[in-house]
Structure formats: C-alpha cells, structure tokens
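In what follows, a structure is listed as structure tokens, so that the remarks can point back to it.
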Amino acid sequence: MATIKIVESEQLDRELLHIIQDAYNNCKDETFYVGVSGGSFPPMLVRVLKQMSNVNWKKWLFFFCDERCVPSSSPDSTFGAFKKLVEPVDPKLPISLNQFVTIDPALKSGKVAEDYLSKMRARFEKSSLPKFHILFLGLGPDGHTASLFPGHRLLKVSTSNSSKSTFSNELG
C-alpha cells in the first residue's frame, strides 16, 4: 500500500531513515531493489543510508529513474553524483559502483533505452513487471518526475493505442 507523508524539512532525514530501514527489514528477497532519482536527492540519500543499522549492503541493487544520456563525469549525470558520494568506499556505506545498473552513454538515445531495458530484464523475473522494494521519485522545479515532463507529446495517450501489456510482453 502506498503511503504519502508530509514532514517538516528538519524531520526529513529521520523519516526517510525509518521508511528505508522498514522496507529493508521487511525484504525477504535475495536482492533489495532500489530506484533512485537525481537532483538534490543523492547527497540526502547517501547521508541517510550511512545511518542505517544491521544491513547487508551486498544485497542492494540501484536503478535510475531519471538518468540523462551523458557521461558519468558530467554534472548532469545521476550516476556521476552517486559515484562522487560513494567513492572511496566509506565503512558506514560499503557499496560498490557495480551495485548501480547504469546506462551506456556511448550509445545513441534509442539504443540506450533498449540496453537499459535488457539490463533490467536480466535482473527481474521475465513474467512480471519490475518490482522495486523502494522507489524514490523526485519532483523537478518544472514539475517533471522520472524524466517525464509536463506537456510532453509522449505523455499524451489515447485509448485507441493503450494496451494491457506486461513487462515481458512489452519488452520481449
């Protein structure tokens, strides 16, 4: 069940820690799947993760909800932001860069999406939609989330071209 909480900014870290710790503690799967956004979120998330207790960090796998097609050295790269925050490895947060499922910015944009979908397919059951244990979506100043921008033509869906396809049908 989805929960929406509104908290004061000084309570945000504590609430976020509670939500993440609870999701992790209730995870019975071998892998703890996390979807992350960029912007101002990476520093906050890393700060909060360092406060967690009794965590098997090797179990965590991070995906990107809104990565840009730029090299990780670019200030616009969400992976680049996380990379700067987790290298060198901190004993409080011993995760490796291999735990981030990244795009290949050397590919053309359409191919980047296909490549990322194949990486997702390899990590999720082929018969279902991807199931994340926790998914963090930010909201940009222009109202965008997960690289979905208000008013963009790709968001206009008509009933004549919608379908009830599953992850495996849509992708493979």
inquiry  = Given the condition charged (D, E, K, R) and modelled with pLDDT under 95, answer yes or no: does some residue in the range 80-91 qualify?
reply    = yes
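Yes/no matrix, rows are residues, columns are (1) closer than 21 Å to PRO43 by Cβ; (2) loosely packed, with under 15 Cβ neighbours inside 10 Å; (3) out of contact with any Asp or Glu (no Cβ under 8 Å at 6 or more places or on another chain); (4) among the aliphatic types (A, V, I, L, M):
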{"site": "GLU67", "(1), (2), (3), (4)": "yes, no, yes, no"}
{"site": "THR78", "(1), (2), (3), (4)": "yes, no, no, no"}
{"site": "LEU93", "(1), (2), (3), (4)": "yes, no, yes, yes"}
{"site": "LEU97", "(1), (2), (3), (4)": "yes, yes, no, yes"}
{"site": "PRO105", "(1), (2), (3), (4)": "no, no, yes, no"}
{"site": "GLY151", "(1), (2), (3), (4)": "no, yes, yes, no"}
ask   = Does PHE63 fit the bill of being among the hydrophobic types (A, V, I, L, M, F, W, C), closer than 19 Å to HIS133 by Cβ and assigned to a strand (DSSP E or B)?
value = yes
message = Any residue at all in the range 120-139 that's at pLDDT 95 or above, within 28 Å of ASP22 (Cβ to Cβ) and among the charged types (D, E, K, R)?
response = no
key: Members of the range 27-42 found to be touching a residue at least 24 places away in the same chain (Cβ under 8 Å) and more than 17 Å from LEU137 (Cβ to Cβ), listed by number   = CYS27, ASP29, GLU30, THR31, PHE32
ask   = Across the range 59-98, what is the total count of residues that are under 16 Å from the mean Cα position of the chain (by Cα) and farther than 17 Å from THR31 by Cα?
value = 16
task = Collect the residues in the range 10-31 that are surrounded by 15 or more Cβ atoms within 10 Å (Cβ to Cβ) and outside any helix (DSSP H, G or I), keeping them in residue-number order.
result = CYS27
inquiry  = Quick check on PHE62: is it touching a residue at least 24 places away in the same chain (Cβ under 8 Å), over 14 Å from PHE136 (Cα atoms) and crowded, with 17+ Cβ neighbours inside 10 Å?
reply    = no
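Only one of VAL55, VAL46, VAL34 is in a helix (DSSP H, G or I), surrounded by 12 or more Cβ atoms within 10 Å (Cβ to Cβ), touching a Phe, Trp or Tyr at 6+ places or on another chain (Cβ under 8 Å) and on the phi < 0 side of the Ramachandran plot. Can you tell me which?
It is VAL46.
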request  = Just name the residue that is nearest to ASN54 (Cα to Cα) out of those in the range 105-137 that are assigned to a loop (DSSP other than H, G, I, E, B) and within 16 Å of the chain's Cα centre (by Cα).
outcome  = HIS133
remark   = The condition from (1) under 23 Å from ASP22 (Cβ atoms); (2) assigned to a loop (DSSP other than H, G, I, E, B); (3) touching a helix residue (DSSP H, G or I) at 6+ places or on another chain (Cβ under 9 Å) that PHE82 misses is numbered (2)
request  = Look at THR78 and say whether it is touching a Lys or Arg at 6+ places or on another chain (Cβ under 8 Å) and closer than 13 Å to PHE136 by Cβ.
outcome  = yes
ask   = Just checking, how many residues over the range 1-18 are aliphatic (A, V, I, L, M) and more than 20 Å from PHE82 (Cα to Cα)?
value = 5
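The values are calculated or read from the model by the stated rules, or taken from the named source; none is laboratory data. Just so it is clear, the structure is predicted and the values come from calculations on it, not from any experiment. Glycine gets a Cβ as well: all are built from the backbone with ideal geometry, and neighbour counts include every protein chain shown.
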